[in-house]
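Below is one structure, written out as structure tokens, with a few remarks after it.
Taken together, the values in this text are just the output of simple stated rules run on the coordinates, not laboratory data. Remember, it's a predicted structure, so these values are computed and weren't measured experimentally. Cβ coordinates were reconstructed from backbone atoms using ideal geometry, including for glycine residues, and neighbour counts include every protein chain displayed.
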Amino acid sequence: MASKMPKVTFNNGLECPILGIGTWKSKPGEVTQAVKDAIDIGYRHIDCAFVYGNEKEVGAALTAKLAEGVVKREDLFITSKLWNTFHRPDLVRGALLKSLENLNLKYLDLYLIHWPQAYKEDGELFPTDEAGKIQFSDVDYVDTWKALEPLVGEGLVRSIGLSNFNSKQVARVLEVATVKPVVNQVECHPYLNQSRLKAFCSARGLKLTAYSPLGSPDRPWAQPGEPQLMDDPKLKALADRLGKTPAQVLIRYQIDRGNVVIPKSVTKSRIASNFDVLDFKLSAEDLDLVNSFDVNGRFVPMTASLGHKYHPFENEEF
């Protein structure tokens, strides 16, 4: 099945499987088995990040499957992300090396700036003052980007990109980039379909990667009574008509739009079900219907760093 998974081609000519498995919020003790299961099922694209705190467990799964001969390193596409406390240019290379050490890899396929806003360096990952407010750093993400570029030449990472950047921020990076970002990974699902940002990035040669494509139902800050995307009656009706689960429709929705998509699960049956999306397509009418669900509904607003001059969602930029 892995060989049949469609791939997207980045602006540097390298390819990425359009469907991957996310590891955000995967608890320690669960993620090693989840990644092993995913690889056995056919996933070759694993999305990680230093701040998730589980890279070593992901690395244990990768090491095991490589040792078993289930996959070769060149078959895998591994992403990680530079956390906000490591934006200062002199810290960037060390942060990447730490992720490589955690994952037990010699190179990453993709390394992203996780968020445009920097936090105070040399301490906690979420540095706070006495009042519990996040302490910011004023490092410009453009300078962070310039520190990432040489790491491609060193062979430590094959492609570099952005995550959670708005259109204005993407444009600023492109103005200085000598190594072009290949992707912008953002929250994307029918309630926040990102059609304007997708068009903006696409026109400039960047792919969109959709995180929280199922609406992030297990987000820790969810309030009782908040809408649950997978319970949407219109979505359920469409899934019933197609003989698919709501999750499968949501994943196929991104694939049919040409977006890379990284649903997260640690349950083997769901990991398998999420991969079983190659035997159907959404029609143009179905896509229009799902696009009509958009309410600019953001499930991951990053409220902890509101007030930062580079917070991506605080103004009218898309």
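Taking the number of Cβ atoms within 10 Å of each Cβ as an exposure proxy, the fewest-first ranking of W115, W221, W24 is W221, W24, W115. The ranking of L100, L14, L110 by Cβ neighbour count inside 10 Å, starting from the fewest, reads L14, L100, L110.
Using R0 = 35 Å, the C-beta based FRET efficiency linking E130 and A171 works out to 0.40.
Helical content of the chain, expressed as a calculated mean residue ellipticity at 222 nm, amounts to -10500 deg cm²/dmol (DSSP H runs of 4 or more residues, -39,500 (n - 2.57) each, divided by residue number, nearest 500). The calculated FRET efficiency for E226 paired with T178, based on their beta-carbon distance and R0 = 45 Å, is about 0.55. You can think of it this way: the chain between D122 and D143 has 5.8 nm of extra reach, that is 0.36 nm per residue less the Cα-Cα gap.
By the rule of a C-alpha distance below 16 Å, with chain neighbours fewer than 8 residues away ignored, the aspartates and glutamates paired with K120 are D90, D129, E130, D138, D140, D143.
Within the listed set R158, R241, R252, the Gaussian network model of the chain (springs between alpha-carbon atoms below 10 Å) gives the highest mean-square fluctuation for R241. In vacuum, with every alpha carbon of region 14-305 counted as one equal point scatterer, what does the Debye formula give for log10 I(q)/I(0) at q = 0.10 Å⁻¹? Two decimals, please. The computed values of log10 I(q)/I(0) come out as -0.53. Going by neighbour counts of Cβ atoms within 10 Å, the residues L112, L282 line up, fewest first, as L282, L112.
For region 14-305, the Cβ-based charge dipole about the Cα centre amounts to some 380 debye (Lys, Arg positive; Asp, Glu negative; other atoms uncharged).
Between K7 and I18, the built amide H atoms are under 5 Å apart, and every one of these is 5 or more places off in sequence or on another chain.
If you take the Cα centroid of region 215-240 and the Cα centroid of region 263-280, the two points sit 17 Å apart.
Computed extension length for F313-V71: 83.2 nm, one decimal, from 0.36 nm per residue of separation with the Cα-Cα distance subtracted. Once the other residues with Cβ under 14 Å from the Cβ of K236 are scored (Lys, Arg +1; Asp, Glu -1), what is the net sum? Net of charged neighbours comes to -1.
Kirkwood radius and radius of gyration were both taken over the C-alpha atoms of region 39-122, and their ratio Rg/Rh is 1.01.
Between K106 and E30, the contour length at 0.36 nm per residue exceeds the Cα-Cα span by 24.9 nm. By the compact-protein rule of thumb, 2.2 N^0.38 Å, the alpha-carbon radius of gyration of region 131-179 corresponds to a ratio of 1.36. Listed by chain and number, the lysines whose alpha-carbon sits under 17 Å from that of K106, ignoring those within fewer than 8 places in the same chain, are K56, K65, K72, K81, K98.
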